[in-house]
Amino acid sequence: MNVHGPAIRADRADDHVRGGAAVEVVVDGETGLLAPPNSAAEIASRIEKIVRNTDLRRQLGRAGRRRALDEFSLERSAAAM
């Protein structure tokens, strides 16, 4: 399930495994946190970091929303075609 777009457009911090669309959408440490695939400990660590740190969660969420609106808007996508 792809939740990258809806999560960041909703101003929510995002955590993902490195791979697929995540590396195109999420800028690690800026718009979300990426973890290596198949590493439950690393994934859990990033989730815990977001849950425990309200300021970081808000910062990542705001930056993700700005990036989504700037980089992945309908207008920009249409212009790139």
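Details
- Contacts under 8 angstrom Cβ, first residue in the stretch 50-70 being farther than 16 Å from Asp28 by Cα, partner surrounded by 13 or more Cβ atoms within 10 Å (Cβ to Cβ), 6 or more apart: Val51/Arg57; Leu69/Arg9
- Within the stretch 68-81, tally of residues that are in a loop (DSSP other than H, G, I, E, B) and either at pLDDT 95 or above or not hydrophobic (A, V, I, L, M, F, W, C) (or both): 1
- Residue that is surrounded by the fewest Cβ atoms within 10 Å (Cβ to Cβ), among those in the stretch 23-41 that are assigned to a helix (DSSP H, G or I) and within 16 Å of the chain's Cα centre (by Cα): Glu24
- Any hit, the stretch 49-59, residues being modelled with pLDDT under 95, of a type in the set (Lys, Arg), part of a helix (DSSP H, G or I) and within 16 Å of Val23 (Cα to Cα): no
- Matching option when the condition is at pLDDT below 95, in contact with a Leu (Cβ under 7 Å, 6 or more places away or on another chain) and assigned to a helix (DSSP H, G or I), among Arg65, Arg46: Arg46
The values are calculated or read from the model by the stated rules, or taken from the named source; none is laboratory data. Remember, predicted model here, so these are calculated numbers, not experimental data. For neighbour counting, all protein chains shown are included, and Cβ atoms are generated from backbone atoms with ideal geometry for every residue, glycine included.
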